[in-house]
Amino acid sequence: MDNIMLKQHLESLIPDATFPENKQILEILVSPDKLHGFCRELKSASALAFDYLISVTAVDWNDHLMMVYHLTSSRFHHLIVIKTRLESNDPEVSTVSDIWKTAEYHEREVFDLFGIRFLNHPDLRRLFLEDEYGFPLRKNFSDESRMIVR
């Protein structure tokens, strides 16, 4: 299945999603409230079989945060990028660690560095930093004791 056919299949699963233009990798923008169900379908649908979560990260765009998930199928070798937009002031999204176990640590790292809370995560706590440190990959982060001022 090429990217055009894959896009058509994904559109049938989630009609209100948008597909930003990208020449190499198919990207899909999904609302946070539909992310978990969509991800579950991506893994369980036999025609898709997205069984491997490559990475989970986030991007701070000042006015919002963007969650970014890279997925592949070891059976079909499809590759997609799922994005979901979160509000900067209270960022939270459902965990996908119940779908892909590897998401558990990826989400903890995103929580630690960006402060995004993952609802229903089995062990959401910081990996590297102290609880009161702040979120160093947020654009508004400032730590005058270590000379990081933005």
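What follows is calculated from the coordinates using simple rules that are stated; it is not laboratory data. Everything numeric in this text was worked out from a predicted model, so none of it was measured. Here the Cβ is made from the backbone with ideal geometry for all residues, glycine too, and neighbour counts use every protein chain on show.
³J(HN,Hα) across the range 34-44 via Karplus (A = 6.51, B = -1.76, C = 1.60, θ = phi - 60°), whole Hz, x for Gly/Pro?
Rounded to whole hertz, the list is 9, 4, 4, x, 5, 5, 4, 5, 4, 7, 8.
To the nearest 0.05, how large is the calculated FRET efficiency for Ile54 and Leu127 if R₀ is 25 Å and r is the Cβ-Cβ distance?
E between Ile54 and Leu127, to the nearest 0.05, is 0.85.
For Tyr52, enumerate residues with amide H under 5 Å from its amide H, sequence gap 5+ or separate chain, H modeled in the peptide plane.
Thr72, Ser74
So in the chain, what percent of DSSP beta bridges are antiparallel if you round to the nearest 5?
Counting only bridges with both partners in the chain, antiparallel ones make up about 75 percent.
Over the chain, what is the relative contact order in whole percent, taking alpha-carbon pairs under 8 Å and six or more residues apart? Spell out each step's value before the answer.
Working: 257 pairs, mean separation 26.0, N = 150.
It rounds to 17 percent for the chain.
Determine the calculated [θ] at 222 nm for the chain from helices alone, applying -39500 (n - 2.57) to every DSSP H run no shorter than 4 residues and normalising by the residue count; nearest 500 deg cm²/dmol.
-7500 deg cm²/dmol
Taking Cα atoms, how many degrees apart are the long axis of helix 3-13 and the longest axis of the chain, rounded to 10 and kept between 0 and 90?
80 degrees
State to the nearest 20 debye the size of the charge dipole of the chain about its Cα centre, where the only charges are +1 on K and R beta carbons and -1 on D and E beta carbons.
In debye, rounded to 20, the chain gives about 400.
When the Karplus curve 6.51 cos²θ - 1.76 cosθ + 1.60 is applied with θ = phi - 60°, which whole-Hz ³J(HN,Hα) does each residue of the range 87-96 get, with x for Gly and Pro?
Residue by residue, the range 87-96 yields 6, 5, 6, 8, x, 8, 7, 5, 5, 10 Hz.
In sequence order, what are the phi-derived ³J(HN,Hα) couplings for the range 53-58 according to the Karplus relation 6.51 cos²θ - 1.76 cosθ + 1.60 with θ = phi - 60°, rounded to whole Hz, with x for glycine and proline?
Along the range 53-58, the couplings run 8, 6, 7, 9, 8, 9 Hz.
In what sequence do Met67, Met5 fall when counting other Cβ within 10 Å, fewest first?
On the way: Met67 24, Met5 11.
Starting with the residue having the fewest Cβ neighbours, the order is Met5, Met67.
Order by neighbour count: Lys101, Lys34, fewest other Cβ atoms within 10 Å first, most last.
Sorted ascending by nearby Cβ count, the order is Lys101, Lys34.
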